[in-house]
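These notes are about the structure you will find just below.
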């Protein structure tokens, strides 16, 4: 028997991570950066969630109880900005960092230093945004859409809001370029595009959407900045501008943003369902093309958010029809996920439970979206609580459930320990029950005429609001179980995970040990 | 640690080319749009 002694002079480059805080600040390792994104997103989940609970506490009964209306508006605005830019996008970027190199057999991202920068911009942007809460005039209160002229009434916080959006945009653009290049140029030999796992595919398409949409948001907020401080009048009718122009520009970013949030969740669901059905994904190529079709359509539907601005009939028809067409590729995906489960050998571990709940509840949110796509009907729904119910169904049991399914699915691979299945199931059931208790009554509130973004309401809305608020607190408390599950896993409290973790899961990430070593695929794997 | 991904200079050069090409295409799309607005007006 012989022993191989590594005397290579560069051996120290292949050593484990540095120790202490500098490991995290200077890291260029995709797994470390993925972990940073995930932990940042988890922290923001609780910050943004706390703001939502302030909103729901105020709305528990009519009248003003806890906060003044201006602070209420700050909470609705900051909750949305933090959840969209600070929570869900970083969480999916975290999964992308962890999993894309592992799934394509690459040693790291294409630009590791850029990757470090993409992440470390985020906490500063987030801190800048949160610091506005302590400024004269308070935090932004005009809604996350930042419509002028209302947003121009923001106090000292306005330039900080704009600069933080710029920073968040830079972070996203850098990350998306890194992801595109990694997928196009770092795949292992034999890993053709149509052999890539669906999560990597959905991220490739998401990265293109980010690259196209984020500069538009940066442009829009820069125009707000110059309108406020440099004498331009892009959005000021008195100076020859048009406030509706902002809405067009914002939603040209804003609607793709919805798909930027949901496509990676689609990718995770497309990995989880085949694993726990013990069958390959039904219609793999159709899933890829459907994702691309959804992404393309998302770029040409933006004005369905603005049916009430008074656009010409041709415009209403165009945006109504293109929006409805999105249901076709989305239907393909829902059908294929269902067909994957058909006659599968199903088991219901926590990731699968979240994936199945995703299927039902995201579809429900999609259906209410179709209702709004009908322009004449939307004029009734516009700015009502029905909208709040719709987008929360798409974003919470949609995007957040996708992220939770991914977290439970990959946590054993990331930490090396199985999560506590009992606690995971408890978390699932409480979350699923309370998410419906929170958001389902909001449909009725909206249809009965309750407007969104108000701290007080007429008496007839009391009961449904009370139910919704109880649901929100239940949902919030249930997430503490998830926090405990994650802490337990990181501290190594449970059973050790095997390398494959699940029964015959597909994908290269399951061929490396659990926890995944600091460096993987230094020699590219052969993919057949 | 960055060394790992940068091991192959040819691959690294190709990565940079792909990144720059994407940035250039996005810039061209928006420049074309701005030029169209400037020359032919909005709408």
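Here are a few things to note about the model shown:
- Simple spin-label estimate for residue B:36 and residue A:285 gives 3.2 nm between the two label positions (7 Å along the Cα-to-Cβ direction from each Cα).
- Between 0 and 90 degrees, the angle of helix A:284-298 with respect to the longest Cα principal axis of chain A falls at about 30 degrees.
- Extension gain, residue A:335 to residue A:67: 0.36 nm times the residue separation minus the Cα-Cα distance gives 91.9 nm.
- Neighbour-count order for A:246, A:428, A:354, A:71, fewest beta carbons within 10 angstrom listed first: A:71, A:246, A:428, A:354
- Ellipsoid semi-axes for region A:56-176, based on the Cα gyration tensor and the rule √(5λ), read 34, 17, 10 Å when sorted largest first.
- Mean Cα-pair separation over length for region A:428-528, i.e. relative contact order, pairs under 8 Å, 6 or more apart, %: 26 percent
- Chain A: angle of helix A:198-229 to the longest principal axis, Cα-based, in degrees nearest 10: 40 degrees
- Chain A - percent relative contact order, Cα under 8 Å, separation 6 or more: 18 percent
- Computed label-point distance, nm, for sites residue A:230 and residue A:342 using a 7 Å Cα→Cβ extension: 5.7 nm
- Gap separating the Cα centres of region A:475-528 and region A:428-444, nearest whole Å: 29 Å
- Axis of helix A:313-325 versus longest Cα principal axis of chain A: the two differ by about 30°, to the nearest ten degrees.
- As a proxy for reagent exposure, ranking A:502, A:429, A:302 by other Cβ atoms within 10 Å from fewest up yields A:429, A:502, A:302.
- Convex hull of region A:383-528 built on C-alpha atoms - directionally averaged projected area, nm²: 11.7 nm²
- Each part gets one Cα centre, and for region A:110-157 versus region A:35-102 those centres are 13 Å apart.
- The modelled label-to-label distance for the pair residue A:314/residue A:470, using points 7 Å beyond Cα in the direction of Cβ, is 5.4 nm.
- Å³ per residue enclosed by the Cα convex hull of chain A: 161 Å³
- Ordering A:421, A:522, A:58, A:349 from the fewest to the most neighbouring beta carbons within 10 Å gives A:522, A:421, A:349, A:58.
Each reported figure results from applying straightforward, stated rules to the coordinates on display, with no laboratory input. Everything quoted here is computed from the prediction, not taken from an experiment. As a convention, Cβ positions derive from the backbone with ideal geometry for all residues, glycine included, and neighbour counts pool all protein chains shown.
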